[in-house]
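Structure, as structure tokens:
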Amino acid sequence: MSNISIGNLNDNYFSIDFAGKTDPTDTYRFNRLNTGSFRVTAEGFTSVVGMQLLDSQGKVVKDIETNGTNSGTFSIDNLGATNYALKISAPARDTNYQISLTPDGKVDPLTGLGVDSGFFSPDATGQVGFDWLHDGGNYQGEVAIFSVQGMEKFAPGSPEFIKEAARRALSNSIFGHVVISDPTEGANPLFNGSLGEANYNQGDYSGAKTFAMKPGEGFAVMLVPNGTVQDLFNNPNAGGDKRPLLSLSSLNPDDAFLSGQIADVTGSGKAFAMEDQRVDQGSDKDYNDLVFNLTGATGKAVSIDKVIDPNKDWTKLDGGKKLIEYVTPKTPVVTPPVATPIEPKPPVTPPVATPVEPKPPVAIAPVEPKPIVEPPVATPVEPKPIVEPPVA
């Protein structure tokens, strides 16, 4: 069970997490300083999730379940100013889920952008680990992450949107970072040329790198196929192989966000593969151009088996199986301690009591009683006769 402390809920809070047998309930604790409207939206990725809102006295304010993997929403017009706990559970089976808490006057940016996948959420630590596993593309580009909070203010795919995404990535702050620079570094050499593609990997592997992002704010991935993020900031109208590819995905075919530009390798929301060409224009659908693994964050994307060309499915190759094993969390094997046999101690023979020889009685000399001395008898004194004086 996870306990997440949000504090004062004064802006939209978004999270992707897991609920199931090993972690049955996640509790999000927050407080409201003023009475106002409040909305919760949740969605289980593979199963039903339950939502239960409790007040500071533990009284149930609202209790609902989603309908399968459809999103579920409840709204409260006048939620009082006090402390609350929102419990998220998975009553049917294990599932990743996404949750959005939106106070009055605020907007869920993902809803505002009209996207349904291709986004990520840092955990409560805000420390996002990014591990570049495979470079299967011939381009020399850069990869960035940027917060989507407030990005609904810009038209999706517009030069303004792209420039703001680049600005955030270049800030090297909780708003975004450049996480990979292909001209100066390389992917993990362990998987060179093993995913059905020639070895395009060059440069030194930096290992997993950690970047600070803000808990409660979703982020997206941006790939500049054959250029830099700085180039993009300088010219957000760039086209061709300089135009950025975004992880954000929409099922709307007319939308600026392409469905399936990024794919989940294992279904756990940790390892992802991204195409370095638009999936609606020229992509070979092999999903080995950029493969990375996340720690400290969880993402949502279409499963790779739904979008990869079956004739190029590297997940079934030995190298692909090796990579999947590499990114799959290992369940620690708890070996019971071996009992050390205790050598029995020899029986303790109680000591034999040595008989004590009785000592002969000691003769005590009789004490002669002292004679009783009678006190002397006082001899009575005869009174002298009174002599009468002579009469004159």
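A few notes on this one:
- Selected residue (criterion: modelled with the lowest pLDDT) from residues of the stretch 102-125 that are touching a helix residue (DSSP H, G or I) at 6+ places or on another chain (Cβ under 9 Å) and among the hydroxyl-bearing types (Ser, Thr, Tyr): 111
- When residue 130 is tested against (1) of a type in the set (Phe, Trp, Tyr); (2) under 26 Å from residue 37 (Cα atoms); (3) assigned by TED's automatic domain parsing to the domain that holds residue 257, just one condition goes unmet, and that condition is (2).
- Residue identified as over 24 Å from residue 209 (Cα atoms), surrounded by fewer than 21 Cβ atoms within 10 Å (Cβ to Cβ), among the acidic types (Asp, Glu) and at pLDDT below 95 among 305, 309, 284: 284
- Taking the stretch 307-334 as the range and being without any contact (Cβ under 8 Å) to a residue 40 or more places away in the chain and assigned to a helix (DSSP H, G or I) as the test, the residues that pass are 310, 311, 316, 321, 325.
- Residue ID - nearest to residue 315 (Cα to Cα), chosen from residues in the stretch 165-204 that are touching a helix residue (DSSP H, G or I) at 6+ places or on another chain (Cβ under 7 Å) and at pLDDT 95 or above: 178
- Any hit, the stretch 126-146, residues being of a type in the set (Ser, Thr, Tyr), under 26 Å from residue 11 (Cα atoms) and either touching a Gly at 6+ places or on another chain (Cβ under 9 Å) or outside any strand (DSSP E or B) (or both): no
- Counted residues, the stretch 229-266 - those being touching a helix residue (DSSP H, G or I) at 6+ places or on another chain (Cβ under 9 Å) and farther than 20 Å from residue 110 by Cβ: 14
- Extreme residue, surrounded by the most Cβ atoms within 10 Å (Cβ to Cβ), among residues of the stretch 197-238 that are within 22 Å of residue 126 (Cα to Cα) and among the polar types (S, T, N, Q): 206
- Of residues in the stretch 163-177 being touching a residue at least 12 places away in the same chain (Cβ under 8 Å), surrounded by fewer than 22 Cβ atoms within 10 Å (Cβ to Cβ) and out of contact with any Lys or Arg (no Cβ under 8 Å at 6 or more places or on another chain), the one farthest from residue 6 (Cα to Cα): 163
- Selection of the stretch 143-168 for residues being under 14 Å from residue 224 (Cα atoms) and among the aromatic types (Phe, Trp, Tyr) yields only 146.
- Among the residues making up the stretch 228-241, those that are farther than 15 Å from residue 159 by Cβ and at pLDDT 95 or above are 228, 230.
- Residue satisfying all of: in the stretch 1-37; among the hydrophobic types (A, V, I, L, M, F, W, C) and surrounded by fewer than 16 Cβ atoms within 10 Å (Cβ to Cβ); nearest to residue 125 (Cα to Cα) among these: 1
- Some residue of the stretch 197-204 being out of contact with any Leu (no Cβ under 7 Å at 6 or more places or on another chain), in a loop (DSSP other than H, G, I, E, B), among the aliphatic types (A, V, I, L, M) and within 30 Å of residue 311 (Cβ to Cβ): yes
- Taking the criterion of being in contact (Cβ under 8 Å) with a residue 40 or more places away in the chain and part of a loop (DSSP other than H, G, I, E, B), the residues of the stretch 65-97 that qualify are 80, 81, 82, 90, 91, 92, 93, 94.
The values are calculated or read from the model by the stated rules, or taken from the named source; none is laboratory data. Computed from a prediction, not measured in an experiment: that's the story for all the values here. Ideal geometry is used to build each Cβ from the backbone, glycine not excepted, and the neighbour counts take in all protein chains shown.
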